[in-house]
1. For segment A:13-68, what value does the Rg/Rh ratio take when both radii are computed over Cα atoms and Rh is the Kirkwood radius, given to two decimals?
2. Can you tell me which of B:13, B:55, B:22 moves the most in a GNM of chain B? Springs connect C-alpha atoms under 10 Å apart.
3. Apply 1/(1 + (r/R0)^6) to the Cβ-Cβ distance of residue B:10 and residue A:8, taking R0 = 35 Å, and write down the FRET efficiency to the nearest 0.05.
4. Test of understanding: what is the full-extension gain from residue B:62 to residue B:26, defined as 0.36 nm times their sequence separation minus their Cα-Cα distance?
5. Taking the alpha-carbon centroid of each part, what is the distance from segment B:45-59 to segment B:1-39 in angstrom?
């Protein structure tokens, strides 16, 4: 069965610090990978996604993620965080397939708190 | 504006009183899904639907029902709610392509409390 593991449950950083959130998945086939962000009191929004091609994916608000197939990882990074990045971050995976829509398997989430 | 809407946004109810949470999308998406979000567990899928009249169980379907009579609507029904169904619920939809996307669009969430 597919599973997704996010290693950090709560991360506290100061503004301008660099961020890396870990995400590992278990699935032997081809996958689509996503990072979603949930700001306090709001719904999930897509930060970035990887389907194929360049394993370094750039998303909105200066976030990027790198897919390392050999490590089954899809870590999220940002060189310099801002107070407004305070949110919960979810890594999600689904099995790639043409036109399936597809169930997302979510990690447990990482709460990021950025101190001004 | 492309969106997924849910109603109500907040609901407090009592054990055993049937309730329905509505979900509607205006993107002509075939795939719709319900998730519940609980602290430390992330989001878990309750039910999903690949198209009209096609529904299937997700990972945590016990105590829930769904229907998909129209493409745009996917209501979640709790016939006899219990306190362990207190949670934050999200509806999501996505296109089955073309183009293939698999990106799911989420509704604003429904916070349910069962006393």
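Derivation of every value follows stated rules applied to the coordinates shown; laboratory data play no part. Source: prediction; values computed, not measured. Methodologically, a virtual Cβ is constructed for each residue, glycine included, from the backbone with ideal geometry; neighbour enumeration extends over all protein chains shown.
1. Numbers: Rg = 12.8 Å, Rh = 13.0 Å.
My calculation puts Rg/Rh at 0.99.
2. B:13
3. 0.70
4. Numbers: separation 36, 0.36 × 36 = 12.96 nm, distance 2.83 nm.
Residue separation times 0.36 nm, minus the Cα-Cα distance, leaves 10.1 nm.
5. 14
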